[in-house]
Amino acid sequence: MMALQVVHSPEDLPETITSTVFLAGPSPRKEGDANWRLEAIEALRRAGYDGVVLAPVPRDGHWPRDYNDQIAWESAHLALADVILMWVPRDLETLPGFTTNVEFGEWLHSGKLLYGRPADAPKTSYLDARYRSVNARQKPPFQQPAESLADLALQVVQRVGSGASRSAGERQVPLAVWRTSQFQAWYHEVVQAGNRLDGARVLWSFFIPQANNLLLSYALQVKVWVAAEKRHKENEFILSRPDISAICAYCPDEGTHALLDTRVVLVREFRSPGRTADGFVHDLPGGSTVKPGADPREVAASELREETGMTLPAARFRSLGARQLVAPYGTHKAHLFAVRLTAQELAEIERLERQETVFGVADETERTQVEVRKLSQVLSERLVDHASVGMIMQACLEDWMEPATQR
């Protein structure tokens with residue numbers, strides 16, 4: 001086990017880290033004032049924490065004359081910290097915590113703030129109420145403010161687990177992002193291309209509290225060294241979510257054998273970002289899962305069943321590869337699968353369309369209905385987005401060009 005290491009402002013991080021916890025809260029301003037951070041460090045050590053502790057106070061206790069450097073250090077290290085341990089032993093005379101109130105509001109929705117205060121601390125009821133509201137769907141003990149540093153330290157250890165080794169620019173990627181499959185997939189390809197991540201800052205994050213605070217999606221501003229161009233690119237952010245599986249279920253017209261007469265199964269669903277004439281999204285069946293290591297083909301079979309009612313063996317799903325959907329903006333890819341339907345299967349889907357049968361997962365507010373459209377309609381009605389048009393064309397065109405003997 002490594003030893004806990006304390007980094008004070010304005011010191012630099014170690015070359016390699018496995019976890020970082022920032023000690024946020026009111027700071028003593030004169031000699032003799034209580035320094036709760038010493039107790040917090042000891043509580044972390046007793047709890048078994050062996051990572052880096054970020055203490056926003058000078059090691060020698062002497063504050064700099066120019067406070068701007070202190071502000072910059074705190075801002076940068078709050079952003080990169082894996083966990084923010086915020087302890088508010090408020091004393092209106094010696095530890096008023098005015099700056100702490102600002103930091104509480106800034107990081108409350110970050111998914112990495114762990115907050116506590118002594119039971120008798122004054123003027124904390126508003127912080128308590130906001131913390132409970134944001135964390136109401138968390139699993140215990142993360143729903144309530146902690147009432148001791150010992151309890152707060154145990155929460156830190158539970159949250160960071162074994163951590164993850166990061167160096168250089170990687171140190172600016174918090175654990176919650178680093179651990180996601182979507183970040184690792186993107187970062188692997190950055191490295192494979194010969195480029196280098198030299199900096200990062202989380203701009204936005206969306207967690208699923210009831211799933212152990214799982215990070216589903218995030219926006220990350222990145223600083224990337226572009227090896228081929230010998231320059232940094234740092235004015236962009238990446239929007240990331242898990243990869244999806246998309247299914248083009250289709251049935252060629254056996255009478256005309258015309259490509260544009262191919263019938264394609266779509267799903268109609270209200271999605272808030274939709275900008276179509278009817279307000280609904282008309283899309284290929286598809287979706288994602290938060291289960292680690294899930295087989296995209298199995299995900300495809302599951303999504304087709306959930307959204308259309310069709311239960312087909314995974315062996316019938318022909319893989320057409322994976323591509324990004326909006327490469328300049330989002331990192332996730334669509335794993336495209338094609339399924340050639342029989343005339344009987346298509347007739348059943350058309351029956352469900354006429355009956356306006358509703359599918360989807362109600363608990364996730366998903367409500368889908370099937371639609372069958374000729375490829376010519378897909379192109380002319382302009383209800384299907386360009387990414388889906390491309391996937392539909394690839395699936396239908398490959399089938400149309402393939403000799404019947406190879407099907």
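Worth a mention:
- Average Cα contact separation per residue, the range 216-292, under 8 Å, 6 or more apart, as relative contact order %: 26
- Spatially proximal lysines relative to residue 30 (Cα-Cα < 24 Å; intrachain offsets below 8 disregarded): 123
- Taking the centroid of alpha carbons for each part, the range 198-251 and the range 108-176 are 24 Å apart.
- Sequence of 69, 253 once ranked by neighbouring C-beta atoms within 10 Å, starting from the fewest: 69, 253
- Taking the fewest neighbouring Cβ atoms within 10 Å as the starting point, the ordered list for 230, 112, 291 is 230, 291, 112.
- Farthest towards the positive end of the charge dipole of the chain, among the residues 184, 255, 326, is the Cα of 184, using unit charges on the Cβ of Lys, Arg, Asp and Glu.
- Dipole in debye (nearest 20) - the range 248-407, about Cα centre, beta carbon charges: Lys, Arg +1; Asp, Glu -1: 340
- Most positive-pole-ward Cα, 165, 126, 359, against dipole of the chain from beta carbon charges: 165
- For 99, 308, the sequence from fewest to most other C-beta atoms within 10 Å is 99, 308.
- Dipole magnitude (debye, nearest 20) for the range 166-240, charges at Cβ of Lys, Arg, Asp, Glu: 180
- Between 22, 317, 270, the GNM of the chain built on Cα springs shorter than 10 angstrom shows 270 fluctuating the most.
- Using C-alpha pairs below 8 Å separated by at least 6 residues, the relative contact order for the chain is 12 percent.
- For Cα extents along the principal axes in Å, the candidate list reads (i) 91, 49, 40; (ii) 84, 50, 40; (iii) 142, 44, 34; the entry that matches the value derived from this model is (i).
- Counting only aspartates and glutamates at least 8 places from residue 233 when in the same chain, those with an alpha carbon closer than 13 Å to its own are 198.
- Rounded to the nearest 20 debye, dipole of the chain from Cβ charges on Lys, Arg, Asp, Glu: 200
Laboratory data are not the source of any read-out in this text; all were calculated from the coordinates shown. Note that the structure is predicted; figures quoted are calculated from it, not measured. FYI the Cβ positions are ideal-geometry reconstructions off the backbone, even for glycines, and counts take in every protein chain you see.
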